[in-house]
Amino acid sequence: MASEGPATRRVQVAEHPRLLKLKEMFNSKFGSTPKFYVRAPGRVNIIGEHIDYCGYSVLPMAVEQDMLIAVEPVKTQTLQLANTNPLYPDFSTSANNIQIDKTKPLWHNYFLCGFKGIQEHFGLSNLTGMNCLVDGNIPPSSGLSSSSALVCCAGLVTLTVLGMNLSKVELAEICAKSERYIGTEGGGMDQSISFLAEEGTAKLIEFSPLRATDVKLPNGAVFVIANSCVAMNKAATSHFNIRVMECRLAAKLLAKYKGLQWDKILRLEEVQAKLDISLEEMLGIVEETLHPEPYSPEEVCRGLGISLQELRTQILSPNTQDVLIFKLYQRAKHVYSEAARVLQFKKICEEAPENMVQLLGELMNQSHVSCRDMYECSCPELDQLVDVCRKFGAQGSRLTGAGWGGCTVSIVPADKLSSFLANVHEAYYQRSDRKLTFEKQNLFATKPGGGALVFLEA
């Protein structure tokens with residue numbers, strides 16, 4: 001239940017190779033034994049890209065890959081963080097003086113986001129320290145939400161050390177808010193699915209208020225994740241935050257045009273809700289209100305009747321204040337059409353017609369075209385990988401996650417899975433001029449996994 005907190009399980013560590021290895025590494029690092037372990041999964045978004053921060057529902061599932069942290073509370077007030085991956089250096093700081101540097105998306109800052117979120121939620125100042133060893137097997141910068149999984153894991157670690165209780169929904173909302181400490185103006189999908197996921201089902205995640213509904217995926221198909229091997233770090237680039245601001249500006253101009261109180265509106269969904277019309281009707285309003293040519297900051301100001309200074313200080317985020325063009329028509333068109341595709345996808349899953357896999361695949365294909373052409377969050381490698389996947393038997397394939405690199409997700413008939421994997425492996429990973437060192441984690445079938453958990457040694 002979403003109203004309950006994450007589950008706690010007692011496990012025999014010796015029977016779980018990854019936990020046992022983590023326990024041994026923890027011992028050699030800190031000279032002591034972990035008191036408990038926390039896991040938080042990554043996710044794949046099946047459909048509904050770049051619309052959570054616009055207020056619209058999304059349709060993700062948790063993957064088996066996760067962040068796992070071994071934890072020992074200590075008497076001092078020092079937070080010591082280490083990572084099993086030597087690429088990520090150790091870090092220590094005072095538990096009561098958390099500084100998060102937005103200019104550098106270093107791995108430990110994501111842990112600090114979750115830690116600080118819980119600390120601030122409870123208004124605590126005198127926090128105990130802890131030793132933590134982090135082990136992640138979600139490919140980084142792949143669009144499978146490794147960073148949010150770390151924020152969620154850290155939030156649950158902190159909550160557990162404090163002996164406090166929160167529901168999964170409260171945890172998801174706190175972690176979604178606290179990830180913004182790193183400068184990413186995200187929605188709340190990644191944190192919500194990390195806590196609210198359940199094995200065997202995808203989830204329709206809705207916002208304001210946050211809730212999750214089971215979506216039963218088709219039996220005769222498998223979802224396959226393929227990594228383009230182009231890394232994309234949302235916090236390190238401005239693409240993502242520019243899109244958030246373009247959607248915000250589009251919402252305000254549409255609201256002004258329709259005589260709404262535009263200065264209070266932040267999201268495209270709020271415009272639809274206030275007008276009380278369908279997504280199809282909203283698309284009609286986009287056509288009549290916004291023009292496909294890019295908007296300059298000056299034109300936005302004229303449209304809203306404000307000064308450049310007001311635009312920069314009151315509407316734009318600090319890292320988007322110098323942007324010179326905004327593609328408002330294209331972004332709004334993507335968001336309203338993608339929101340409609342999510343609802344159609346859920347409806348098809350519920351009605352389960354005979355050609356269900358084909359229909360779901362068509363929606364995924366339309367989503368990719370919109371992401372590529374209207375939202376411009378694809379890249380040549382992703383487009384090539386999507387084409388390869390469709391060529392070898394995927395009924396639908398699209399980029400997943402923020403885009404500009406990372407992974408694709410494809411719906412593949414179950415009886416074609418083994419030939420699909422072999423052919424995609426050869427066509428993209430072996431023949432590409434990128435000379436990719438192929439790893440199993442670059443191409444794999446996945447099924448819906450469970451959400452965040454606390455493990456205690458039995």
Q.
For a quick size check, give me the Cα extents of region 182-327 along its three principal axes, largest first, whole Å.
A. 53, 37, 27
(Q) Please compute the per residue accessible area over the chain with all protein chains in place, 1.4 Å probe, rounded to a whole number of Å². (A) 42
**Q.** Within region 200-321: Cβ-based charge dipole about Cα centre, in debye rounded to nearest 20 (Lys, Arg +1; Asp, Glu -1)
**A.** 480
Q. Got the relative contact order for the chain handy, in percent, Cα pairs under 8 Å and 6 or more residues apart?
A. 24
**Q.** Accessible-area composition of the chain, carbon plus sulfur, in percent [1.4 Å probe]
**A.** 49
Q: Round to a whole angstrom and tell me the spacing of the C-alpha centers of region 314-373 and region 113-179.
A: 29
Q | Options Gly163, Val342, Thr289, ranked by Cα towards positive dipole end of the chain, top entry (Cβ charges) | A | Gly163
(Q) Just the number: Rg to Rh for region 58-155, Cα atoms, Kirkwood Rh, two decimals. (A) 0.97
Q) What distance in nm separates the simple spin-label points at Lys21 and Thr76, each placed 7 Å from Cα in the Cβ direction? A) 2.9
Q. Considering the zone a paramagnetic label at Lys416 would reach in this model (a point 7 Å from Cα along the Cα-to-Cβ line), which residues of region 365-383 have amide N under 18 Å from it?
A. 365-369
Q: Along Cα→Cβ, 7 Å out, is where each label goes; now give me the distance between the ones at Asp101 and Ala231 in nm to one decimal.
A: 1.7
**Q.** Inter-label distance, nm, simple model (7 Å from Cα along the C-beta direction), Met164/Glu299
**A.** 4.7
Q | Stretchable slack from Lys264 to Arg431, in nm (0.36 nm times residue separation minus alpha-carbon distance) | A | 54.9 nm
Q) Hey, which of these cross-link pairs are over 18 Å Cα-Cα: Lys203/Lys333; Lys75/Lys102; Lys203/Lys447; Lys75/Lys168; Lys104/Lys168; Lys168/Lys203? A) Lys203/Lys333; Lys75/Lys102; Lys75/Lys168; Lys104/Lys168
Q.
Treating only the Cβ of Lys, Arg, Asp and Glu as charged (+1, +1, -1, -1), what charge dipole size does region 251-406 show about its Cα centre? Round to the nearest 20 debye.
A. 260
**Q.** Packing-based ranking, highest mean first, of 412-422, 329-339 given that Cβ atoms within 10 Å are counted
**A.** 329-339, 412-422
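Assign unit charges at the C-beta atoms only (+1 for Lys and Arg, -1 for Asp and Glu), then state the dipole size of the chain relative to its Cα centre in Debye, rounded to the nearest 20. Let's see the in-between values first.
Details: 46 positive and 50 negative charges, 170 e Å.
In total the dipole reaches around 820 debye.
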(Q) Could you tell me the relative contact order of region 1-160? Use alpha-carbon pairs under 8 Å, at least six residues apart, and round to a whole percent. (A) 27
Q.
Just want the answer: with Cβ charges of +1 for Lys and Arg and -1 for Asp and Glu, which residue in Met245, Trp262, Ala202 is farthest toward the dipole's positive end in region 202-273?
A. Trp262
Q. By average Cβ neighbour count within 10 Å, what is the ranking of 39-52, 166-179, 203-216 from highest down?
A. 39-52, 166-179, 203-216
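The values are calculated or read from the model by the stated rules, or taken from the named source; none is laboratory data. In this text the structure is predicted, and so the values were computed from the model without any measurement. Cβ atoms come from the backbone with ideal geometry, glycine included; neighbour counts cover every protein chain shown. For accessibility, only protein heavy atoms count, side chains too; no ligands or nucleic acids. Shrake-Rupley method; radii C 1.70, N 1.55, O 1.52, S 1.80 Å.
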